[in-house]
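What follows draws every value from the coordinates through simple rules; no lab data is involved. On a predicted model such as this, the values are computed, not experimentally measured, just so you know. Positions of Cβ are backbone-derived with ideal geometry, glycine not excepted, and every protein chain shown enters the neighbour counts.
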There are 2 protein chains.
Amino acid sequence: MINNGYYTHEFHGDYELVGVGALDLEEGGSIPDCRLAVATFGELSEAKDNAILITSWYSGTHQIWRDAYVGAGHALDPERYFIVAVDQIGSGLSTSPHNADGANAPLTMSKFPRVRIGDDVVAQERLLREHFGIEQLQLVVGGSMGAQQTYEWAVRFPDKVLRAAPIAGTAKNTPHDFLIAEYCRESIMSDPGWNGGEYQSNEDAEAGLKRQAHVWALTGFSSEFWKQEVWRALEFDSKEAFVEGFLEPYFTAMDPNDLLTQAWKWQRGDVSRHTDGDLAAALGRITAKTFVMPIDEDVLFPPRDCEPEQRLIKNSELRVVEDIAGHLGLFSLTPTFMTQIDRHLGELLATSN
Amino acid sequence: MINNGYYTHEFHGDYELVGVGALDLEEGGSIPDCRLAVATFGELSEAKDNAILITSWYSGTHQIWRDAYVGAGHALDPERYFIVAVDQIGSGLSTSPHNADGANAPLTMSKFPRVRIGDDVVAQERLLREHFGIEQLQLVVGGSMGAQQTYEWAVRFPDKVLRAAPIAGTAKNTPHDFLIAEYCRESIMSDPGWNGGEYQSNEDAEAGLKRQAHVWALTGFSSEFWKQEVWRALEFDSKEAFVEGFLEPYFTAMDPNDLLTQAWKWQRGDVSRHTDGDLAAALGRITAKTFVMPIDEDVLFPPRDCEPEQRLIKNSELRVVEDIAGHLGLFSLTPTFMTQIDRHLGELLATSN
C-alpha cells in the first residue's frame, strides 16, 4: 500500500468507510475485508423506504455527485430522500490496490484481484441491507460505469429496485468502449514508472497518467466541444490549457493501479452474464421503471448503443440528454446539463412504480 | 538517413523519383533537393489536357490508390486520363526525414524541417509543369490529408484546377483532428526508443508505433465498425487479431520521423492562411467544380465539419459517402465503398466545368 493524498477527506469531504466483510469475487479469490466508501445525504425514514443509491463512474467518486447532482432544488433532494452514494471497489476510496492493508495486505498493488461490476453490486446490496437496513430502493442512478452498476442492480435484484436511471452507459459494454478502456490501460502500463504495478508513488507513472488523460481528450468530449471551444466557458484560454489544466491534473492525482482495476471492470460490464449471453432475457428481468438516459453527443455511449437496450426493458423510456460536451458532460460542464437531469430524474421519481 | 525496406519498389511497385529542385518552405528553411515519388497511369494526351492529380494521405502513398481506386472500370480510368499520383513530402517515398541524403543530408532525421500542405502543393505544381508540361488538371482528388492538398490546390491555383474532389477531409483542420494527430505524435515520441528522433531503426520505436496504431483503432473506425464486427469480412477472428494483424503491422513498418512530419503538417492544414484567416474568402476563390465527399461514419472528418465548408464553395455539391468503417473506409474495406466513389467521381468528371 502507498499513501496518496488525493484519496482523503481533504479532497473528498465527508464519507464513511463501511466494512462488508469478506467478498468472494466472480473471477475467483476474495477480498478479506471489503470496505466501501459511503457518503449519505438526508435522513432514512423510519420505514426505510426513501432510499436512493448512487453508483460511481470510472475515476469518479461521490464527490462529483455531492457537488453537482445532490441538494435542495435537485431531483436528488436530501429533504425528501435518503441518498447513499457508494464509491466502487478500486475507486481509491473503497478497497483498492493502493490502499489494501490490514487483512487485505496480500492484495496490495499488483496483487489486487480482478473485480467485476457484479462484485460491486453484491457488496453494495450487503452494505445497504446490513448497515442501513434498506431492503428496497426508490431509485438506483449512476453515470457511465455507474450506469453499468445500475443495470446490474436492476437485473440482479429486480425486487429491490423500484426505479433505475442509467445515464450515459450501457448494460453490455460495446467493443469500441472495450478498446477505449484498453488504450487507457495501455497508456498507463506502457510507462516504465508503472513498473508492473509496483511503483513507490503515483508520480512515478505521471507520464502514463497524462497519456491516459489524452485518451479522454480524444473520446470523452465531442468534436463539437472542441470546435465550439466550449472550454472557454470553463475559463481556459486554449484547448491545450484545458487539457493541461483540467484533464491532466484530474488524472495524475490518481492511483494507476486503481484506474487499471476500474478499467478492467468497465471493459467487462455485461448483464447478460446472468442469462448465458442473452441480453434480451437479462434486460427482460428488469421490473424497475427505467429511464435510459444517453447523452446525444456521447462518443463512448451514443444513443444508438443505448436505445436498443432500452427497447428490451419493459417499463422503460428513452430520455436523451442534449449536451455538446459529450460523455464528460457528466461533470455538469454546461449550464443546460443539470436542468435536464433534474427534469428526467424528477419525472422518474414521480412515477408510481 | 537510415534504410527501411518498406519504402522500396518491392512494397510500392513502380514509381519514379522526380527532383523539383530546391524547395523553400513556408516555415522557413528549404529542402535543397526536393524529390517527389510519382506513379503515373495512362498516357498524357498531346494537348496535355487529360491529367488528373491524386494526392496522398497520412501514412499512405500512391499504392492504395493504384490498388483500389485506379483502373479500367473505375472513374479514374487510365484509358481516358493521365493519372499522376504524387506522394507527399514526409511520406517516406518522397523526400522525408529517414531518407534525406546527398544535398539533403543536413536535414536528416531529427533535423528535418517543418513542412506544410502549401509546400507540398507548390512542389507538386512545379513537378506537373516542369516535368510533364501540365498546366491544367481535369481533377485533383485525395482523401484525408490528400483532401487538405486538394483544397490547397483549388484555392492556390484556381485556374489550374477544373474539378476537385476532397474526400474525407477538411479545408481547415478542426481542433479535434489537431488533438488526434497530437496524440499520434505523443504515442511515438513517448517511446524512449524514438530517442528524440535519432534512432537507428524504426524498430527501436516499435512500441510507440503500436500505440500510434491504437489511436487509429479508437478514431479511425466508427463504433459501429466494431459493434457489427465488420473486421470479420476482412478475415480476422477477433477485434484484437484485427488490431494486431492489420493496424499494428501497417504502422510498425513505417518510419517514426516520417509519420511525425506528416502529422505536424496535418495538424495545420488551413486554406484560410491565404486570406488572413477568412475561410469564406479562401474557399470563395475556388472556381473548380467541387464535390465535397465526407464519409457518413467518419469520426475525424464528419459531414458536419465538411458541409459548412462545402457551402462556402460556389460551384460545389455535398456528396456523402456511406461507409460503416468510418475514416479508414478510405482503404476500400467494404464492398459498397468504391462503387460510391466511382459514381461520384464519374459524375464529377462528366461535368463540363
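Sequence-ordered 3J(HN,Hα) estimates for the stretch B:292-303 from the Karplus curve with 6.51, -1.76 and 1.60 and θ = phi - 60° stand at 8, 10, x, 9, 4, 9, 6, 6, 7, 10, x, x Hz, glycine and proline given as x.
Equivalent ellipsoid of chain A: semi-axes from √(5λ) of the C-alpha gyration tensor, largest first, are 28, 25, 20 Å. Taken over the Cα atoms of the stretch A:213-280, the convex hull encloses 120 Å³ per residue. Mean partner shielding of peptide B:217-227, defined as the number of other chain Cβ atoms within 10 Å of each residue Cβ, is 5.
Kirkwood radius for the stretch A:19-102, taken over all pairs of different Cα atoms as the inverse mean of 1/r, rounds to 14.0 Å. Pairs of Cα atoms nearer than 8 Å and 6+ residues apart set the relative contact order; for the stretch A:178-262 it is 34 percent.
Close lysine pairs were tallied over chain A: pairs 8 or more places apart or on different chains with Cα atoms under 25 Å apart number 16. Dividing the alpha-carbon radius of gyration of the stretch A:127-284 by the rule-of-thumb value 2.2 N^0.38 Å gives 1.23. The calculated FRET efficiency for B:E130 paired with B:E10, based on their beta-carbon distance and R0 = 25 Å, is about 0.30. Counting from the shortest, the label point at B:E26, 7 Å from Cα toward Cβ, is 5.2 nm from the same position in each remaining copy. About the centre of its Cα atoms, the stretch B:253-353 shows a dipole size close to 400 debye [charges on the beta carbon of Lys, Arg (+1) and Asp, Glu (-1) only; nearest 20 debye]. Over the residues of chain B, the helix contribution to mean residue ellipticity at 222 nm works out to -8500 deg cm²/dmol, using -39500 (n - 2.57) for each DSSP H run of at least 4.
Across the protein assembly as shown, counting alpha-carbon atoms alone, Rg and Dmax equal 27.7, 95 Å. Summing Cβ point charges (Lys, Arg +1; Asp, Glu -1) relative to the Cα centre of the stretch A:178-262 gives a dipole of roughly 320 debye.
Here the average projected area of the convex hull drawn through the C-alpha atoms of the stretch B:178-262 stands at 5.6 nm². Between the stretch A:5-48 and the stretch B:47-88, the alpha-carbon centres lie 63 Å apart.
Checking every one of the trypsin sites (Lys or Arg not before Pro) in the stretch B:301-348 against DSSP loop status and a limit of 14 other Cβ atoms within 10 Å picks out B:R311, B:K314.
For B:D67, place a label point 7 Å from Cα along the Cα-to-Cβ direction in every copy; what are the distances to the other copies, in nm, shortest first? Nearest first, the other copies' label points are 5.0 nm away.
Overall shape of the stretch A:79-124 was characterised from the C-alpha gyration tensor. The equivalent ellipsoid obtained from it has semi-axes of 25, 12, 8 Å, in decreasing order. In this label model, B:E240 and A:N3 are separated by 4.0 nm, measuring between points 7 Å along each Cα→Cβ vector.
Working from Cα pairs under 8 Å separated by at least six residues, relative contact order for chain B is 18 percent. What the pair-distance distribution of the stretch A:294-346 shows, using all Cα-Cα distances binned every 10 Å from zero, is 27, 51, 22, 1 percent. Projecting the Cα atoms of B:Q148, B:F132, B:A165 onto the dipole axis of the stretch B:109-185, where Lys and Arg carry +1 and Asp and Glu carry -1 at the beta carbon, places B:Q148 farthest toward the positive end.
Where chain B is rotated onto chain A, the residue of B whose Cβ comes nearest the axis, and that gap in whole Å, is B:L218, 3. When +1 charges are put on Lys and Arg Cβ atoms and -1 charges on Asp and Glu Cβ atoms, the dipole computed for the protein assembly as shown relative to its Cα centre reaches about 1080 debye. A cut-off of 5 Å between modelled amide H atoms, ignoring neighbours fewer than 5 places along the same chain, links A:Y58 with A:M145, A:G146.
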